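Since the structure comes first, as structure tokens, the remarks are kept for the end.
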Amino acid sequence: QVQLVESGGGLVQTGGSLRLSCAASGSIFSINNMGWYRQAPGKERELVATISMSAGSRNYADSVKGRFTISRDDSKNMVYLQMNSLKPEDTAVYYCNAGVIMNSGRYLGVWGQGTLVTVSS
């Protein structure tokens, strides 16, 4: 089993900052990539940012480029999302995602339980 646990969500005013963290644990051999997705009320889940754990290559949604930064700590199997210049439209539940190779050799896509980010206007 593999678990992802997110933290760092909360209420912030427009223009403020938050840092989300996600820790992966369990029967992990290696992690290919980790990322953040979000789902606003009444909308579909969308990609926010992803990062390759080995190469460190990053990918961002156009809506967050220049404001959000994804980073990783390979030694701790953690990924972070630094969110600056937050806007009300960033309000959503943010989910961590990981592509994991388990100790058994099986590849598994895993989701966290989500953390709520609310940006007040």
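The values are calculated or read from the model by the stated rules, or taken from the named source; none is laboratory data. The structure displayed is predicted, hence computed values, not measured ones. In this analysis, Cβ positions are derived from the backbone assuming ideal geometry, glycine residues included, and neighbour counts consider all displayed protein chains. Just the protein is used for accessible areas: all its heavy atoms, side chains included, with ligands, DNA and RNA removed. Shrake-Rupley method; radii C 1.70, N 1.55, O 1.52, S 1.80 Å.
Filtering Ser63, Ser121 for residues that are touching a helix residue (DSSP H, G or I) at 6+ places or on another chain (Cβ under 6 Å), surrounded by fewer than 18 Cβ atoms within 10 Å (Cβ to Cβ) and within 22 Å of Leu11 (Cβ to Cβ) leaves a single hit, Ser121.
If you filter the stretch 1-14 down to residues that are small (Gly, Ala, Ser) and assigned to a loop (DSSP other than H, G, I, E, B), you find that the one that is nearest to Asn77 (Cα to Cα) is Gly8. Looking at Val48, Val100, Val110, just one residue is under 11 Å from the mean Cα position of the chain (by Cα) and closer than 23 Å to Val2 by Cα, and that residue is Val48.
Is there a residue in the stretch 60-69 that is within 16 Å of the chain's Cα centre (by Cα) and within 30 Å of Gly105 (Cβ to Cβ)? Within the stretch 60-69, none of the residues are within 16 Å of the chain's Cα centre (by Cα) and within 30 Å of Gly105 (Cβ to Cβ). Within the stretch 29-40, residues that are touching a residue at least 12 places away in the same chain (Cβ under 8 Å) and open to solvent by 20 Å² or more (accessible area, probe 1.4 Å) have Cβ atoms under 8 Å from residues that are charged (D, E, K, R) and in a strand (DSSP E or B) in these pairs: Tyr37/Glu46; Gln39/Glu46, counting only partners at least 6 apart in sequence or on another chain. Restricting attention to the stretch 15-72, the residues that are small (Gly, Ala, Ser), under 15 Å from Asn84 (Cα atoms) and not in a loop (DSSP other than H, G, I, E, B) add up to 3.
Considering every residue within the stretch 86-106, establish whether at least one is open to solvent by 40 Å² or more (accessible area, probe 1.4 Å) and among the acidic types (Asp, Glu). Yes, the stretch 86-106 contains at least one residue that is open to solvent by 40 Å² or more (accessible area, probe 1.4 Å) and among the acidic types (Asp, Glu). Here is a check on your reading of the model: is Arg58 open to solvent by 40 Å² or more (accessible area, probe 1.4 Å) and either of a type in the set (Ser, Thr, Tyr) or closer than 30 Å to Ser120 by Cβ (or both)? For Arg58, the condition - open to solvent by 40 Å² or more (accessible area, probe 1.4 Å) and either of a type in the set (Ser, Thr, Tyr) or closer than 30 Å to Ser120 by Cβ (or both) - is met.
Results for (1) over 12 Å from the mean Cα position of the chain (by Cα); (2) polar (S, T, N, Q); (3) at negative phi, shown as yes or no for each residue.
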residue	(1), (2), (3)
Gly8	no, no, no
Ser21	no, yes, yes
Met78	no, no, yes
Thr91	yes, yes, yes
Cys96	no, no, yes
Ser104	yes, yes, yes
